[in-house]
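Below is one structure; the comments refer to it alone.
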Amino acid sequence: MRFLSATGGCLLLLSASATALSVTSIAPVAAQTSQAPVVLRETSPDWLAVRTLPDIKPDQLAHAEDGVAYLLTDWQVRGTAQGYDSYYRIATKVVDRSGLEETGRISTSYNPAFETVALNFVHIIRDGKVIDRTSDASFRVVEREDDLDDGIISGTLKAIATLKDVRVGDIVDYGMTQHVRTALWPGHYFASFTDRFTEPLGLRAIRFIWPASQPLRFKAGNSDIAFTQQKQGDMTAWEWIGRDRPFGPGEDDVPAWHPQYGRIDISTMADWATVARWATPLYAGDESLTPDFERTLADIAKRWPKAQDRLTEVSRYIQDNIRYVGEELGEGSYVPRRPRLVLERGYGDCKDKSLLLAIALRRLGIDAVPALVSTRPGRDLPDRLASPLMFDHVFFAVEIYVERFARRRGFTG
């Protein structure tokens, strides 16, 4: 599923392959209405710091991959009352014929439930002259369901524009802004980015403008990137500019959790307990069940007096009768559906089924809670900044007493 959850200040479970957090109490958040799948046209935001294109250097040409040399990437973010605006600019040079396809196409992905995107400009620089192609850029918006074969529907869209008359030797320079509006974490921001790349980049600039009352935190791993800080009224601006940064291929057989290209985490949440306080209300609400399932639980309670057997029977029933379908549309990526709805529909994703299981087990006298999990390597989690973007899965955690030699005594779990 696409549940991007986080660790919190409750129970932290560690194993070789997963890291989990228990959320000890489980009001749903209403998803926002999806907006029309279009790419807007807007002038560049007036809060941007202006960047000048650097001259391309021989080293960039010599190490260009797939016919493309990267001159500039500029990423700027500004907090708003409803969320934040994220501006991204990229400038590349077509070195040879093999780079025409990549450079002549602009694309971006977004979720229309809480995001809109706008094209600010498209310029082609040819022989020192700027050709404005902003009005010519026509976007096609298509659905992008990469995980459909796994039963996951995200609602993500991809906007694609093919630029006309791009030639070898041209520089393609464009900027886009993404407007993000969500009620899930008002006032908060989380991100992570890589320091180094496999090929050279002339100039890389990153800037964040955020309310001083909710300061950003930065943490570098295997990186010397450090942001400067400047007060701007009731906002604070953090900025880093890198020129001709180190580049090159990575080493083989490096553990997945090690940031060999360098990594910088950004978060407004002070600690994992803050993340837990954010996540807990998402699991609270109506705990009613269907009459049929109530009778099933009563039958299990009657037939199986031991907690471990009740756990086995309830888990088996839900596995056999609730199929996996992940409708991760808008805030459905984070907020579980209520148990009665899951039972009536006969399907749900991992957070839906985990909440159902936890509530069912509590009806049978077993203490159970949903646990937010990272299926990615979690070894480095203690070194990361607290963020709801760290985890991508949910199961349930339960603590029961099992008699010694239980399996010899007929334990069916």
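Would you mind telling me the antiparallel percentage of the DSSP bridges in the chain, rounded to 5? Numbers along the way, then the final one.
Values: 86 of 102 bridges.
Around 85 percent of the beta bridges assigned by DSSP in the chain are antiparallel ones.
For the range 66-155, just say rounded, prolate or oblate: build the C-alpha gyration tensor, square-root its eigenvalues into a ≥ b ≥ c, call rounded for a/c under 1.5, and beyond that prolate if a/b exceeds b/c, oblate if not. Mind showing how you got there, number by number?
Values: a/c = 2.19, a/b = 1.43, b/c = 1.53.
Because a/c hits 1.5 or more and a/b fails to exceed b/c, the range 66-155 counts as oblate.
For Phe197, what residues show an amide H to amide H distance below 5 Å, using hydrogens built from the backbone and excluding near sequence neighbours?
For Phe197, the qualifying residues are Gly248.
Using every Cα-Cα pair within the range 235-280, state what percent have a distance larger than 17 Å. Spell out each step's value before the answer.
On the way: 655 of 1035 pairs.
Looking at the range 235-280, the distances longer than 17 Å represent 63 percent of pairs.
Using the Kirkwood radius over Cα pairs, work out the Stokes-Einstein diffusion coefficient for the range 34-184 at 37 °C and 0.692 mPa s, in µm²/s as a whole number.
Working: Rh = 16.7 Å.
Value of D from the Cα-based Kirkwood radius: 196 µm²/s.
Mind putting together the pair-distance distribution for the range 279-409? All Cα pairs, 10 Å bins, whole percent per bin, short to long.
Answer for the range 279-409: a P(r) of 11, 40, 31, 16, 3 percent.
From the residues Ala358, Met390, Tyr334, which one has its Cα farthest along the dipole of the range 279-409 in the positive direction, the dipole being from +1 and -1 charges on Cβ of Lys/Arg and Asp/Glu about the Cα centre?
Of the options given, the answer is Ala358.
What percentage of all Cα-Cα pairs in the range 192-326 are separated by more than 26 Å? Intermediate results must be reported in sequence, preceding the final value.
Values: 5143 of 9045 pairs.
Of all Cα-Cα distances in the range 192-326, 57 percent exceed 26 Å.
For the range 338-355, just list the computed ³J(HN,Hα) in residue order, Karplus coefficients 6.51, -1.76 and 1.60, θ = phi - 60°, integers in Hz, with x standing in for Gly and Pro.
6, x, 4, 5, 4, 5, 5, 7, x, 7, x, 9, 5, 6, 5, 6, 5, 5
For a footprinting-style exposure proxy, rank His258, His123 by other Cβ within 10 Å, fewest first. Walk me through the intermediate numbers first.
On the way: His258 14, His123 17.
Ranking His258, His123 by Cβ neighbours within 10 Å, fewest first, gives His258, His123.
Taking the convex hull of the alpha carbon atoms in the range 110-169, what volume per residue do you get, in Å³? Could you put the intermediate results ahead of the total?
On the way: hull volume 6.4 nm³, N = 60.
About 107 Å³ per residue, rounded to a whole number.
Given +1 on the Cβ of Lys and Arg, -1 on the Cβ of Asp and Glu, and no further charges, what dipole in debye does the range 279-409 carry about its Cα centre, rounded to the nearest 20? Mind showing how you got there, number by number?
Values: 22 positive and 20 negative charges, 142 e Å.
Around 680 debye, computed over the range 279-409.
Would you grab the residues whose amide H sits under 5 Å from the one on Ala386? Only those 5+ places off in sequence or on another chain, please, with H modelled 1.01 Å from N.
none
What FRET efficiency comes out for the pair Gln214/Asp380, r = Cβ-Cβ distance, R0 = 30 Å, nearest 0.05? Spell out each step's value before the answer.
On the way: r = 26 Å, r/R0 = 0.85.
Working from the Cβ atoms, E equals 0.75.
Placing one identical point scatterer on every Cα of the chain and ignoring solvent, what is log10 I(q)/I(0) from the Debye formula at q = 0.08, 0.14 Å⁻¹?
-0.54, -1.33
Rank the residues Lys351, Lys231, Lys57, Lys306 as a footprinting-exposure proxy: fewest other Cβ atoms within 10 Å of their Cβ go first. Display every interim value, and only then the final one.
On the way: Lys351 28, Lys231 9, Lys57 13, Lys306 18.
Ordered from fewest to most neighbouring Cβ atoms within 10 Å, Lys351, Lys231, Lys57, Lys306 come out as Lys231, Lys57, Lys306, Lys351.
Report, for the range 279-409, the % of DSSP beta bridges that are antiparallel, rounded to 5. Please list the in-between numbers first.
On the way: 6 of 8 bridges.
Around 75 percent antiparallel, to the nearest 5.
Within the range 68-105, whose backbone N sits under 15 Å from a point 7 Å along Cα→Cβ of Glu239?
74-78
For the range 343-360, list residues with backbone N below 19 Å from a point placed 7 Å from the Cα of Ile400 toward its Cβ?
Hits in the range 343-360 for Ile400 at 19 Å: 353-360.
Using θ = phi - 60° and the Karplus curve 6.51 cos²θ - 1.76 cosθ + 1.60, what whole-Hz ³J(HN,Hα) does each residue of the range 384-390 get, with Gly and Pro shown as x?
Karplus values, whole Hz, x for Gly and Pro: 9, 6, 5, 6, x, 9, 7.
Among the listed pairs Lys129/Lys231; Lys57/Lys164; Lys302/Lys353, which have their C-alpha atoms separated by more than 32 angstrom in this model? Can you show the working numbers first?
Values: Lys129/Lys231 37 Å; Lys57/Lys164 27 Å; Lys302/Lys353 23 Å.
In this structure, Lys129/Lys231 exceed 32 Å between Cα atoms.
Quick check: net charge around Phe208, other residues with Cβ under 10 Å of its Cβ, Lys/Arg +1 and Asp/Glu -1? Mind dumping the intermediate values first?
Working: positive: Arg78, Arg207; negative: Glu239.
Neighbourhood net charge equals +1.
Could you give the size of the charge dipole of the chain about its Cα centre, using +1 on the Cβ of each K and R and -1 on the Cβ of each D and E, expressed in debye and rounded to the nearest 20? Intermediate results must be reported in sequence, preceding the final value.
Values: 50 positive and 55 negative charges, 227 e Å.
In debye, rounded to 20, the chain gives about 1080.
Only Cα pairs under 8 Å and at least 6 apart count here; give the relative contact order of the range 279-409 as a rounded whole percent.
Details: 151 pairs, mean separation 32.1, N = 131.
This gives 24 percent for the range 279-409.
Size of the dipole of the range 120-214 about the Cα centre, Lys and Arg at +1 and Asp and Glu at -1 on the beta carbon, nothing else charged, in debye to 20? Don't skip to the answer; put the middle values down first.
On the way: 12 positive and 14 negative charges, 99 e Å.
Approximately 480 debye in magnitude.
Counting each DSSP H run of 4 or more residues in the chain as -39500 (n - 2.57), what helix-only mean residue ellipticity at 222 nm follows after dividing by all residues, to the nearest 500 deg cm²/dmol? Show your work: numbers first, answer last.
Values: 7 runs with 66 residues, N = 413.
Helix contribution divided over all residues of the chain: -4500 deg cm²/dmol.
Read-outs throughout are calculated quantities, based only on the coordinates presented, and are distinct from any laboratory measurement. These numbers were taken from a predicted model, which means no experiment stands behind them. When we count neighbours, we look across all protein chains shown, and the Cβ atoms used for this are built from the backbone with ideal geometry, even at glycine.
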